[in-house]
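Structure first, commentary second.
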Amino acid sequence: MRPVLRVPTGGRVDLDSFHAAATPAGPTDKAAALAATAELAGPLASLQERLYAASTAGDRRRLLLVLQGMDTSGKGGTVKHVIGLFTPYGCRIKAFRAPTPEERDHPFLWRIMRALPHPGEIGVFDRSHYEDVLIARVHELVPRSHLNRRYAQINQFEQSLADDGVTVVKAFLHISYEEQRNRLLERLDNPEKHWKFDPADIDERSRWPAYQTAYELALEQCSTDAAPWYVVPSDHKWYRNWAISQLLLEHLEEIDPHYPPAAFDVAACRARLLKT
């Protein structure tokens with residue numbers, strides 16, 4: 001899946017050329033996707049356990065999944081349906097909202113560094129440091145000169161993560177303008193989902209072209225060999241969940257964690273135990 005969804009390093013990005021309802025290299029209907037995703041649960045859980053086990057012997061490797069996308073693109077749904085395949089004790093999930101007063105008193109990467117996964121863990125960011133080149137650009141929250149420097153800062157930061165054993169998987173959940181309207185209408189039409197709706201979502205929707213440009217720039221400037229971006233078509237939730245699961249599987253298989261050898265005499269301990 002990685003070559004299919006990956007944003008080329010140094011290439012120009014035109015989101016209009018990515019079809020949000022496409023299902024490249026994967027299941028083409030919901031039933032097949034649900035079955036295929038379920039089949040990934042066992043291998044993913046096994047790899048997660050091995051990654052966590054390896055950390056007990058000093059292996060510093062871990063994985064960070066960064067989820068970005070427009071409102072209703074499915075960041076929360078991805079956490080629920082994909083990360084639910086893992087054992088909770090080995091996951092560290094952080095949803096980034098508007099910065100707190102304390103966070104605003106620090107450089108924009110400060111709050112990100114405090115939420116990174118520990119060795120052996122799988123971390124998930126629901127939104128991330130990219131908000132500081134997305135919302136900040138669309139709403140002109142900082143001078144453009146400061147904004148442009150942030151791309152290089154992000155690349156340096158992500159390279160430092162890779163150098164420290166962090167596998168960074170960045171997924172842009174790509175939905176269409178029409179699909180976003182449908183999902184917002186679903187929230188309005190269902191009283192049980194009113195808590196998920198904010199009238200400000202309509203205001204943000206009016207800035208759709210500006211957000212698309214901001215995302216294109218972020219994908220262009222920050223898709224590197226150390227931390228490439230993947231554009232995941234997300235109009236179909238079932239495809240999105242399968243694709244993210246498959247991306248995680250491929251990266252964890254590349255990490256290839258192993259159970260550490262026993263740091264004690266297994267035979268001697270077995271003999272002692274049998275005497276009890």
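The values are calculated or read from the model by the stated rules, or taken from the named source; none is laboratory data. Here the structure is a predicted model, which means the values were calculated and not measured. Glycine also receives a Cβ, built like all others from the backbone with ideal geometry; neighbour counts cover every protein chain displayed. For the accessible areas, the whole protein counts, side chains as well, though only heavy atoms, and no ligand, DNA or RNA atoms are used. Shrake-Rupley method; radii C 1.70, N 1.55, O 1.52, S 1.80 Å.
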| Top-ranked residue in segment 82-125 [being at pLDDT below 90 and under 13 Å from the mean Cα position of the chain (by Cα); ranked as surrounded by the most Cβ atoms within 10 Å (Cβ to Cβ)] | VAL82
| field | Cβ-Cβ under 6 Å pairs, at least 6 apart or on other chains, segment 53-71 side farther than 12 Å from GLY90 by Cβ, far side of a type in the set (Gly, Ala, Ser) | value | ARG60/GLY165; ARG61/GLY165; LEU64/GLY123; VAL66/SER128; LEU67/ALA171
| field | Of residues in segment 225-246 being among the aliphatic types (A, V, I, L, M) and closer than 23 Å to GLN180 by Cβ, the one surrounded by the most Cβ atoms within 10 Å (Cβ to Cβ) | value | ALA243
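Could we say that ALA33 is in contact with a Phe, Trp or Tyr (Cβ under 7 Å, 6 or more places away or on another chain), of a type outside the set (Val, Ile, Thr), in a helix (DSSP H, G or I) and open to solvent by less than 20 Å² (accessible area, probe 1.4 Å) here?
Yes: the conditions hold for ALA33.
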| remark: Of the conditions (1) assigned to a loop (DSSP other than H, G, I, E, B); (2) among the charged types (D, E, K, R); (3) open to solvent by 50 Å² or more (accessible area, probe 1.4 Å), the single one that ARG50 does not satisfy is (1)
